[in-house]
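Comments concern the structure below.
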């Protein structure tokens, strides 16, 4: 990424629809060339926010600053941003060429220049030679690529993407995720990407903005947000976690001792907590290890338990281990090649097993 | 195989109905149009005399042209006044949609004849328009061109036919997703350009359907001209009717009817063809 100067700033944006709060006090600085994902369940206000940036909605209060200047007064067609819609929104009465060239035509650019540019865009999205097709002759994935080309030909400062892969099937979606990321890195355009798919956000983003009910829950890099979620919501919405309820017993300099259903858990000290506080603990499934006799690793937290269930997921296996009367912890193990034949074949339901995990992998939050 | 048969069973009732009451009579008329009327009666033969006879007397071509002109003007006015209604119902006053569409349908509840008579009273020399104008003092003598003129026919037909143009335009606008309009906006088109480049082309099927409805119905109408058209407003439907009713020249009436059908098909195809060419010309 080039110089990380701020491209645009969202300042205390609020938007209500009647009595429903769609966006509340939203503030975010977006750097030039950054890939930002707005992630959240449906109804969390992420699309509304994108539409505010695009100019289709006007916020009740707040500012949208691009290079320090407010763009709120500008109608959508004067903003240096373009949008990719979930349902492609290709003009059905125009060919692929006309769709992509539409904005250039409106800007009265010379024909040769436009033709050249359309060609470049089509090669960028790997659909060379599709100029004369009509949108109804394209597959969903192809439509979305054309929509992307149509938005990018305008060389927008910011590209807004509203769940652009939402209507595609899984395989094409995964492929498009990589392609989108590559295109973004190549063009160094700021992308604001709205999605409810946490995996999509993790794969593509430089930073993820996690939202819930119109408010920001956490803004961080995918890695940090995954490893150090700051709330129970973040821990469960992004990836899967074992979530346990407990109480703080002791506070040490860099770790906590907590009490969960009579068991002692060592956890990393993150949240501001006092002894006696009710807390939630979240541990990623894959951080919970099964300890067998061969691996003589030891962990900060170790428990004996009974395997209640083993579920096979292709590349991984989940073990449901009951470590106390009320606690079942899930351990997810990637199947290593040599093991893969036995992995599930081992009939270990009912077996006693030891599980362990490091205290740095135990995230604690108040709620 | 079985599937195909089931399909046909469902089509049979309407097909039978149309065969007996539309295709068969139309075929009979078509055959008549090649017969001859003599003083002794109808002679079954094959002659183009009836078709050529249309051009023997200036009255017929003039009346045909007048009918087409009145039909064309009516259809254009219908489309022009219907489009804004359908557009605003679709994009601006969504909540009023049901109410307004219901009101439009209600206007179809009353009989066509009753509505034509109503216009006759409204437009007449003692009608409400002339009374008001005289009361205000704008005129001293009643405006006579209001009634018994092509203008009166157009006014009446526009009133009767607007539902037939609003509905198809409305339904084709309904199919335009808001995304497309936003996308055009986003790509740099202001409201006017969005309308001209996206909304209008996408609603053209409805406009064409509405135009064809109102054009064919008004060109062939023969009740309205008789009631409000006067002598200046003689239209071809009346002449065809007279061939069957008054002069008993069925062959000529049939020929006239078939000539009109042929002419309207040609004109409608020209119209579709012109819009298709305009569409192609828009390439950029």
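The values are calculated or read from the model by the stated rules, or taken from the named source; none is laboratory data. Given the structure is predicted, the values throughout are model-derived calculations rather than measurements. Please note: Cβ atoms are built from the backbone with ideal geometry, for glycine as well, and neighbour counts cover all protein chains shown.
Which ranges mark the helices (runs of 4 or more DSSP H) fully within the stretch B:155-226 that have 2 or more residues being within 24 Å of residue B:98 (Cα to Cα)?
Working: elements: B:178-186, B:191-194, B:200-220.
Per the criteria, B:178-186, B:200-220.
The set of residues from the stretch A:262-281 being outside any loop (DSSP other than H, G, I, E, B) and either surrounded by 17 or more Cβ atoms within 10 Å (Cβ to Cβ) or in contact with a helix residue (DSSP H, G or I) (Cβ under 8 Å, 6 or more places away or on another chain) (or both) comprises A:265, A:266, A:267, A:268, A:279, A:280, A:281.
Got at least one residue in the stretch B:129-136 being closer than 30 Å to residue A:100 by Cβ, surrounded by 12 or more Cβ atoms within 10 Å (Cβ to Cβ) and either free of Cβ contacts under 8 Å to residues at least 12 places away in the same chain or touching a helix residue (DSSP H, G or I) at 6+ places or on another chain (Cβ under 9 Å) (or both)?
Of the stretch B:129-136, the ones closer than 30 Å to residue A:100 by Cβ are none.
Looking for residues that are closer than 30 Å to residue A:100 by Cβ, surrounded by 12 or more Cβ atoms within 10 Å (Cβ to Cβ) and either free of Cβ contacts under 8 Å to residues at least 12 places away in the same chain or touching a helix residue (DSSP H, G or I) at 6+ places or on another chain (Cβ under 9 Å) (or both), one finds none in the stretch B:129-136, hence no.
Determine, yes or no, whether residue A:145 is part of a helix (DSSP H, G or I) and either over 30 Å from residue A:236 (Cβ atoms) or within 14 Å of chain B (Cβ to nearest Cβ) (or both). Steps first, please.
On the way: part of a helix (DSSP H, G or I): yes; either over 30 Å from residue A:236 (Cβ atoms) or within 14 Å of chain B (Cβ to nearest Cβ) (or both): yes.
Against the criterion (part of a helix (DSSP H, G or I) and either over 30 Å from residue A:236 (Cβ atoms) or within 14 Å of chain B (Cβ to nearest Cβ) (or both)), residue A:145 qualifies.
For the stretch A:95-113, a residue qualifies if it is in contact with a helix residue (DSSP H, G or I) (Cβ under 7 Å, 6 or more places away or on another chain) and more than 8 Å from chain B (Cβ to nearest Cβ), and the qualifying residues are A:96, A:97, A:99, A:100, A:104. Only one entry in B:271, B:252 is in contact (Cβ under 8 Å) with a residue 60 or more places away in the chain, outside any loop (DSSP other than H, G, I, E, B) and touching a strand residue (DSSP E or B) at 6+ places or on another chain (Cβ under 8 Å), namely B:252.
For the stretch A:30-80, the tally of residues that are buried (at least 21 other Cβ atoms within 10 Å of the Cβ) and over 23 Å from residue A:216 (Cα atoms) stands at 2. Scan the stretch A:52-84 for residues that are in a strand (DSSP E or B), touching a strand residue (DSSP E or B) at 6+ places or on another chain (Cβ under 8 Å), away from every other protein chain (no Cβ under 11 Å) and at negative phi and jot them down. Scanning the stretch A:52-84 gives A:61, A:63, A:64, A:65, A:66, A:70.
Name the residues in the stretch B:181-216 that are over 21 Å from residue A:74 (Cβ atoms), surrounded by fewer than 23 Cβ atoms within 10 Å (Cβ to Cβ) and within 12 Å of chain A (Cβ to nearest Cβ), would you?
Residues satisfying the conditions are B:196, B:199, B:200, B:201, B:202, B:204, B:205.
Criterion applied to A:165, A:159, A:90, A:127 was being outside any helix (DSSP H, G or I), under 21 Å from residue A:187 (Cα atoms) and at pLDDT 95 or above, and the one residue passing it is A:159. All conditions in (1) within 11 Å of another protein chain (Cβ to nearest Cβ); (2) within 30 Å of the chain's Cα centre (by Cα); (3) farther than 26 Å from residue A:181 by Cβ; (4) touching a residue at least 40 places away in the same chain (Cβ under 8 Å) hold for residue A:43, with the sole exception of (1).
Hey, among A:97, A:88, which residue is over 24 Å from the mean Cα position of the chain (by Cα) and crowded, with 18+ Cβ neighbours inside 10 Å? A:97 is the lone residue from the list that is over 24 Å from the mean Cα position of the chain (by Cα) and crowded, with 18+ Cβ neighbours inside 10 Å. On the given criteria, is residue A:173 part of a helix (DSSP H, G or I), without any contact (Cβ under 8 Å) to a residue 24 or more places away in the chain and surrounded by fewer than 22 Cβ atoms within 10 Å (Cβ to Cβ)? When the stated conditions are applied, residue A:173 does not pass them.
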